[in-house]
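Chemist: Here it is, the structure, as structure tokens.
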Amino acid sequence: QLPTERSMASCRLRVCSFNVLAPSARICAPLNRQPWQERHSNICNTLLEMQADMICLQEFDFAEKTAGFAELYQSRLGTEYELFTKKRTGCKKEGLAMLFRKGAFADIDIFSVDLEPSFCDRVAMVARLTHAASGCKLVVANTHLTVAHATNDHDIPHCRPLQMEQVLQILECDRDRDAVLLCADMNCDHLQLEPSGEYAAEMVNRPVHMAFQKGFDSALHRLHPGTRPISHTCSYAHDGCADYVFFRPGPLLHLSGSFLHPPGLPPD
């Protein structure tokens, strides 16, 4: 929640982050038996029902074999939201999207960053904008870190921390804004205790702790202490909460709620 410009009454700022699972990527059963148009139409229905003010999506599809993907989201959400996208570099067929509720923000300035190392083909999107109801100046970033592959000698010890360092450096330049937010599929869970191959859990989870060290908090974990939320099940890594909405606590930002969808299910 953010204070209004003319009074100390608060107004809502609702943020949603979701990895939509690009249909051109590896799709496991039972999703491989469902037409992607049907699944993503249902995702759009859910996003509309949630009435978020800003939405950050990962694995937004750009592949030729899923032609019409962006158009589906635009046709279903375009009346309510402005849609911005960024494809991953190289030959990767998916990327990021950010949506902002029309009329809720002003002075929207969006840029993208190709993250190093370049062979990972990872990207980030950053938006600087003004919350119309409160007049507060915001910055929000969206990214998707490299998978924590334990089968090589570079992703966990080098690539993932380097990607996170770059995103945090960008946000550090805007630390004087009224609210600083980061939505990310971190491909790790900071509550994980089990090692991944030869790598200790703290090495796998290092990017999340880098955010904590820079003063960020996790909205989900802040309001659900004592539980280990599960947002991802995975065939090649540990199940866990890979999806984070980070926020930097401050006098003009009050966390009033956080949940994994659907909210009626326990987060763990």
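The values are calculated or read from the model by the stated rules, or taken from the named source; none is laboratory data. On a predicted model such as this, the values are computed, not experimentally measured, just so you know. Cβ sites come from the backbone with ideal geometry, for glycine too, and all protein chains shown count toward neighbours. These accessible areas exclude ligands, DNA and RNA; they are computed on the full protein's heavy atoms, side chains included. Shrake-Rupley method; radii C 1.70, N 1.55, O 1.52, S 1.80 Å.
Chemist: Evaluate the relative contact order of the chain (contact order divided by residue number), counting alpha-carbon pairs under 8 angstrom at least 6 apart; express in whole percent.
Modeler: It comes to 15 percent, rounded to a whole number.
Chemist: In µm²/s, what is D for the chain at 10 °C and 1.306 mPa s, where D = kT/(6 pi eta Rh) by Stokes-Einstein and Rh is the Kirkwood radius from Cα pairs?
Modeler: Values: Rh = 19.1 Å.
Approximately 83 µm²/s, per Stokes-Einstein.
Chemist: Using R₀ = 41 Å, calculate the FRET efficiency as 1/(1 + (r/R₀)^6) where r is the Cβ-Cβ separation of ALA67 and GLU172; round to 0.05.
Modeler: Computed FRET efficiency for ALA67 and GLU172 comes out at 0.55.
Chemist: Also: Tell me, what is the percent relative contact order of the stretch 134-268, built from C-alpha pairs under 8 Å that lie six or more residues apart?
Modeler: That works out to 26 percent.
Chemist: A further question follows. Ignoring ligands, DNA and RNA, what percent of the 1.4 Å accessible area of the chain is carbon and sulfur? Don't jump to the answer; show the numbers that get you there.
Modeler: Values: 6550 of 12690 Å².
Of the solvent-accessible surface of the chain, carbon and sulfur hold 52 percent.
Chemist: Right, next: Using θ = phi - 60° and the Karplus form 6.51 cos²θ - 1.76 cosθ + 1.60, what ³J(HN,Hα) does each residue of the stretch 35-46 get, whole Hz, x for Gly and Pro?
Modeler: Whole-Hz 3J(HN,Hα) from phi for the stretch 35-46: x, 4, 4, 5, 5, 7, 5, 5, 4, 4, 4, 5.
Chemist: Work out the charge dipole of the stretch 1-125 with +1 on the Cβ of Lys and Arg and -1 on the Cβ of Asp and Glu about the Cα centre, then indicate which of THR89, PRO23, GLN74 is farthest towards its positive end.
Modeler: After comparing all options, I get PRO23.
Chemist: To continue, here is another question. Averaged per residue, what accessible surface does the chain expose to a 1.4 Å probe, in Å²?
Modeler: Result: 47 Å² per residue.
Chemist: Debye sum, Cα scatterers, the stretch 132-257, no solvent: what log₁₀ I/I(0) at q = 0.20 1/Å?
Modeler: -1.14
Chemist: Right, another one. Go through 190-196, 241-247, 19-25, 202-208 and give me the packing order, highest mean Cβ count within 10 Å leading.
Modeler: In descending order of packing, they fall as 241-247, 202-208, 19-25, 190-196.
Chemist: Separate question: If you count, for each residue, the other Cβ atoms within 10 Å and average over each peptide, how do 85-98, 176-189 line up from highest to lowest?
Modeler: Ranked from most to least packed, the peptides come out as 176-189, 85-98.
Chemist: Give the separation of the Cα centroids, the stretch 29-61 to the stretch 213-268, in Å.
Modeler: Each part reduced to its Cα centre gives a spacing of 20 Å.
Chemist: Lys and Arg at +1, Asp and Glu at -1: add these up for the other residues within a Cβ distance under 14 Å of PHE62 and post the number.
Modeler: Here the count lands on 0.
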